2 protein chains.
Amino acid sequence: MSEIRSLALACRDAAQTMFALDSEAKRSLLHDMAAALEANSDAILAANARDLQQASAKGVQGAMLDRLRLDQARVASIASAVREIAALPDPVGLVTRRETRPNGLEVERVRIPLGVIAMIYEARPNVTADAAALCLMAGNAVILRGGSEALHSNVAIATVLRDVLARHDIPAAALTLIEDLRRETMIELLQLTDIVDLAIPRGGEGLIRFVAEHARVPVIKHYKGVCHLYVDASADEALALNLLVDGKTSRPGVCNALETLLIHRDIAESFLPNAARALEERGVELRGCERSRALVPGMRTASDEDYAAEFLDLILAVRVIDDLGAAIGHIQRFGSDHTEVIVTRDNAAAQRFVQAIRSAVVMVNASSRFSDGGELGLGAEIGISTTRLHAYGPMGAEALTVERFVVRGSGQVRHPQH
Amino acid sequence: MSEIRSLALACRDAAQTMFALDSEAKRSLLHDMAAALEANSDAILAANARDLQQASAKGVQGAMLDRLRLDQARVASIASAVREIAALPDPVGLVTRRETRPNGLEVERVRIPLGVIAMIYEARPNVTADAAALCLMAGNAVILRGGSEALHSNVAIATVLRDVLARHDIPAAALTLIEDLRRETMIELLQLTDIVDLAIPRGGEGLIRFVAEHARVPVIKHYKGVCHLYVDASADEALALNLLVDGKTSRPGVCNALETLLIHRDIAESFLPNAARALEERGVELRGCERSRALVPGMRTASDEDYAAEFLDLILAVRVIDDLGAAIGHIQRFGSDHTEVIVTRDNAAAQRFVQAIRSAVVMVNASSRFSDGGELGLGAEIGISTTRLHAYGPMGAEALTVERFVVRGSGQVRHPQH
């Protein structure tokens, strides 16, 4: 048997133990994990120093190097994130529906853990603790496969957390970190259909495509966020401008940032020149259709590629459209199913937009930047799904569980004899 | 572009129309479909006669041929199943949770259709109408790929249903039947990751493995049901015997039939000889462990293969075990995550069984034969999932939808500029 298969089998066995833990046991586990991270911060920082040194030697610098760096404050913030997860409502055991059938059977729908979750991620070492804590809180066992740059840091963090599992009489395999980072090993992991219940890739589009391409186990993925703001004819212009500036400029490198502005033609003449001025003041480059360019001289022409692009940068595609139907058509053609916003004072228009748009998050008069597990009340987020199955949009602890049936009877049979 | 891709793209476009239909529009569509099936039963039966003739010529006979056969009564029952689906509660638009965030954002979780569902199935032509109606009722477009034996019947049924779609101003592509039954075409369909949101295979294990092997789109599958009945030390023996006889003999060829009996050693001496007599009277062959064979002379020895088998026949594997923990261990090792039953008068034992067993359906003092969408209150069933993701257990209309986020605000931004 290959090493990865035997590690994964041990994780699956440990999932049986996780499955039966009650909320108090899981909370106590996570609190001890948080304390252990703080108590062992020197060892974690020493391991992180080795990662930083190797990365520097390879020429990594700037923001990339900073994402890898831990210090006492960052370790403390990792520990505090684990404590926050311990404080979340436990989704496991939640009875979502209860019905008594005409024959007296009591049928309940009850949430249970998924089982074994494989997290595939890139540089940030905090994901090792974050993702593990959220998976464990939802009663799952977890297989972690991080990036090579953070390997020493990840091993140090996982070692601390596994020691805590063992102290709680839970097999340490419930948190399994893969140290063999060869691609063929990752492919083998992604094909363990009898062991892994779900794979969640978190990182750049290249990583996600690689996982989707090779996985035989179920994958919940999020490719990109091409988020739209549509300014309706009846919009409050000042409000629309606030949402536009917040959506585009407050953090342009994240998936819930705006990438395209659609404007109803009846409001374009008044709104677009103001909007262009406000955005250009903040360094945003605009690329627009002919009608936009007629209103904002000097704007570059937008191509279809621009309308499909996730810029993750201070660039905004702009289009003046004839009506709400055209806005919906544009989003259906170019959207990525992530987050779309309508700005309007017309309730019927808002309702029509919500009903026609299939994206994971649809917003009326609010910033796209709220499309985030914490902001929407999930407490913690393991990712944002643009897969229209199981979970769609920000995923919290509940998305790491599934509903099953518990049936209680008093001897009912389907075909009584005699 | 390949023909299958262009058919599927048209189906995806039609999904946008389905997405926006309200409940009344869908109910009226399904009622007209039911009426059209009845009105066109002559054409459907003529097509079916061609399928029957070709099947007979190939030597198909008996139960296989019967599964393919339609008559006026069966067409009427297909129509009436479509009317029953039209009467189900519409899962689309259901607000499952509503919360106002501290910043005033109103966050709702609302069910929406999945989009495009590909159904891959075998001989019975009624699935063409059943599955289509359930997918459409949940607001989805559907691609149907049935078996070659039923092709003429499937085409006739699909033609009738597509005419009704067109009369309702819905693109007929919302119900697309694949007539090109080559395997490479099915493989291409299963890899249209930008079009197909979910594939559901329904049929024998060979078909399901083929789909799982080749799919790149998400698949919800159900391999087999190795269902267990555990008779606890405190069981009511008469009640246990009823559940055993019903579970094993009322319809041995279906997935929710019992395959293995586990008996607590303290009750085995009294229960097993009676049970063996009752089962043998009904033609059931028993295969048991040494302790079972000591109580029932003549019982054949059970192998590990017997304990892992879905017999789908009048055969039952039997094992005497030491305690509840051993029963749980046996199910964890040999179970298929489908349905397990405990018979007990001890609430603590029932609770421990429910908490430890991860199967889709867990029952206390009820027959495994109730593990069925209709019996558990779903109204209609598109399959039973043993995939612990999205839906687990019997799947009805709700399993063909997913929750997303609708957020309503009054201009909230994440990083106020002031």
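With (1) open to solvent by 70 Å² or more (accessible area, probe 1.4 Å); (2) more than 21 Å from the chain's Cα centre (by Cα); (3) closer than 27 Å to residue B:222 by Cβ as the list, and residue B:313 as the residue in question, which single condition is left unmet?
(2)
Considering region A:232-266 alone, what residues qualify as being of a type in the set (Val, Ile, Thr) and farther than 16 Å from residue B:411 by Cβ?
A:249, A:254, A:260, A:263
Residues of region B:376-402 being open to solvent by 30 Å² or more (accessible area, probe 1.4 Å), within 23 Å of residue B:18 (Cβ to Cβ) and within 7 Å of chain A (Cβ to nearest Cβ), which ones?
Our first condition is that a residue be open to solvent by 30 Å² or more (accessible area, probe 1.4 Å); within region B:376-402, this holds for B:377-379, B:381, B:390, B:398.
When the remaining residues are screened for being within 23 Å of residue B:18 (Cβ to Cβ), the result is B:378-379, B:381, B:390, B:398.
Matches in region B:376-402: B:390 only.
Anything in region A:194-213 that is farther than 19 Å from residue A:128 by Cβ and facing another protein chain (nearest Cβ under 10 Å)? List them, or say none.
A:197, A:212, A:213
In region B:246-255, how many residues are open to solvent by 10 Å² or more (accessible area, probe 1.4 Å), facing chain A (nearest Cβ under 10 Å) and within 28 Å of residue B:349 (Cβ to Cβ)?
Narrowing region B:246-255 to residues open to solvent by 10 Å² or more (accessible area, probe 1.4 Å): B:249-255.
Now restrict to residues that are facing chain A (nearest Cβ under 10 Å): B:249-251.
From what's left, within 28 Å of residue B:349 (Cβ to Cβ): B:249-250.
Total meeting the criteria: 2.
Kindly list the number of the only condition in (1) in contact (Cβ under 8 Å) with a residue 60 or more places away in the chain; (2) within 19 Å of residue B:411 (Cβ to Cβ); (3) open to solvent by less than 70 Å² (accessible area, probe 1.4 Å) that fails for residue A:334.
(2)
Only residues that are of a type in the set (Gly, Ala, Ser) and crowded, with 17+ Cβ neighbours inside 10 Å: list them for region B:203-232, please.
Taking region B:203-232 as the starting set, the residues that turn out to be of a type in the set (Gly, Ala, Ser) are B:203-204, B:206, B:212, B:215, B:225.
Those that are of a type in the set (Gly, Ala, Ser) and crowded, with 17+ Cβ neighbours inside 10 Å: B:203, B:212, B:215, B:225.
Criterion first (open to solvent by less than 20 Å² (accessible area, probe 1.4 Å) and more than 30 Å from residue B:194 (Cα to Cα)) does residue A:126 satisfy it?
no
Looking only at residues that are free of Cβ contacts under 8 Å to residues at least 60 places away in the same chain and part of a strand (DSSP E or B) in region B:254-271, which one is farthest from residue B:319 (Cα to Cα)?
Selected residue: B:259.
So which helices (runs of 4 or more DSSP H) are wholly in region B:1-118 and hold at least 3 residues that are surrounded by 13 or more Cβ atoms within 10 Å (Cβ to Cβ) and over 25 Å from the mean Cα position of the chain (by Cα)?
In region B:1-118, the matching helices (runs of 4 or more DSSP H) lie at B:3-19, B:23-39, B:41-57.
Look through B:114, B:52 and report the one residue that is touching a residue at least 12 places away in the same chain (Cβ under 8 Å), more than 14 Å from chain A (Cβ to nearest Cβ) and not β-branched (Val, Ile, Thr).
Working: B:114 fails: more than 14 Å from chain A (Cβ to nearest Cβ).
Result: B:52 is the single residue among B:114, B:52 that is touching a residue at least 12 places away in the same chain (Cβ under 8 Å), more than 14 Å from chain A (Cβ to nearest Cβ) and not β-branched (Val, Ile, Thr).
The values are calculated or read from the model by the stated rules, or taken from the named source; none is laboratory data. Just so it is clear, the structure is predicted and the values come from calculations on it, not from any experiment. Cβ atoms come from the backbone with ideal geometry, glycine included; neighbour counts cover every protein chain shown. We work out accessible area using only protein heavy atoms, side chains counted, and drop any ligands, DNA or RNA first. Shrake-Rupley method; radii C 1.70, N 1.55, O 1.52, S 1.80 Å.
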